[in-house]
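Data block below; observations after.
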Amino acid sequence: MNGPVVVTGVSSGIGNGTARVLLARGFRVFGSVRRPEDAKRLSAELGAELTPLLFDVTDADAVKRAAEETRAALKGERLAGLVNNAGIAVPGPLLEMPVSELRRQLEVNLVSVLTVTQAFFPLLRKASDGSGAPARIVNISSIAGTFALPFLGPYAASKHGVEGLSESLRRECMLYGVDVITLDPGSVASTMWDKADAIDLSPYAESPYLGPMMKLRQGMVSFGRKGSPPERVGAVVLRALTDRNPKVRYVIGQGNPLLWMSRRLPKRFVDRMIGKNLGLLPLQ
């Protein structure tokens, strides 16, 4: 059996797919969920090697309690890995959305990565432990960490932040012999697209951005539902945790047109292309 790993946000999507892949490969998984009913469901579905941890990643006290619960369950064993996956997407035009929405986005997707990492870091195997290979921290970023679409500014800002935080953290963690790796998934087929399709855009009913927002949502939902299964991302998480010489970043979805545009085309050209497709260019 492989070592224990903490994965945040395992109720659905990438976190759930990752938990399934790791369990199938003999890892013990401590997985965070926010609702007791999800904890009960996952215990029934995934078996005794999954230990649900009930906490919201934005609740620092709850995260600390979960870390202590994990410490007790480990009985002196150390964690082989920590996967920071939990996240949300807050859409809307930056010029019109309440700033509180930006704060909420950053709190969940960025600040919580550090909150969780600080709480669980003392439980990770370190180079000096002598208790097995040093642990690895895997932070789930996104293609949005390098390429920002309109109306997803808060999400892109949070993922750009995850990239920068991970880069700095990786260099600081060299002192302990712990590695930090980022994953940049493209579109992943999950229930998130059903949630995106159901987002209430009525607050922007009188906004000139309403039409372009609806066009973007329609295209993204249609494309996203055809994306990679969450288990494909889980398989790359497994690689990040177990490869002898892991990369600092794994990009998933090399055929994603957004990734291709971000690497190959001049930004001003991409701006005009997006503007034309969504109706964001000024009237002549």
Checklist outcome for this item: If you go through P154, P122, P150, the only one that is in a loop (DSSP other than H, G, I, E, B) and modelled with pLDDT of 95 or more is P150
Next on the checklist: Out of everything in segment 261-275 that is in contact (Cβ under 8 Å) with a residue 40 or more places away in the chain and of a type outside the set (V, I, T), what residue ends up being farthest from T146 (Cα to Cα)?
Outcome noted: M261
Item to check | Total residues in segment 33-81, condition within 16 Å of L123 (Cα to Cα), loosely packed, with under 15 Cβ neighbours inside 10 Å and of a type in the set (G, A, S) | outcome: 3
Checklist entry - Which residue, of E96, E37, E68, is within 30 Å of Y209 (Cα to Cα) and out of contact with any Leu (no Cβ under 9 Å at 6 or more places or on another chain)? => result E96
Checklist entry - Filtering segment 230-253 down to residues that are without any contact (Cβ under 8 Å) to a residue 60 or more places away in the chain and assigned to a loop (DSSP other than H, G, I, E, B), which residue is surrounded by the most Cβ atoms within 10 Å (Cβ to Cβ)? => result D243
Next on the checklist: Conditions first: (1) at pLDDT below 90; (2) outside any loop (DSSP other than H, G, I, E, B). T182 passes all but one, so which condition is the exception?
Outcome noted: (1)
Checklist entry - Looking only at segment 201-229, which residues are charged (D, E, K, R) and without any contact (Cβ under 8 Å) to a residue 12 or more places away in the chain? => result E206
Item to check | Listing of helices (runs of 4 or more DSSP H) fully contained in segment 1-109 that carry 3 or more residues being touching a helix residue (DSSP H, G or I) at 6+ places or on another chain (Cβ under 7 Å) | outcome: 13-24, 60-74, 99-106
Checklist outcome for this item: Taking segment 125-146 and keeping residues among the hydrophobic types (A, V, I, L, M, F, W, C) and surrounded by fewer than 22 Cβ atoms within 10 Å (Cβ to Cβ) leaves A127, A133, I143
Next on the checklist: Restricting to segment 166-184, and then to whatever is hydrophobic (A, V, I, L, M, F, W, C) and more than 18 Å from the chain's Cα centre (by Cα), can you tell me which residue is surrounded by the fewest Cβ atoms within 10 Å (Cβ to Cβ)?
Outcome noted: L175
Checklist entry - Taking only pairs six or more apart or across chains, which ones have beta-carbon atoms under 8 Å, a first residue in segment 64-85 that is over 9 Å from F30 (Cβ atoms), and a second residue that is assigned to a loop (DSSP other than H, G, I, E, B) and among the aliphatic types (A, V, I, L, M)? => result R78/A135; A80/A133; A80/A135; G81/A135; L82/A135; N85/V10
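The values are calculated or read from the model by the stated rules, or taken from the named source; none is laboratory data. No experiment lies behind these values; they were computed from the predicted model shown. Here Cβ is always computed from backbone atoms with ideal geometry, including for glycine, and neighbour counts include all displayed protein chains.
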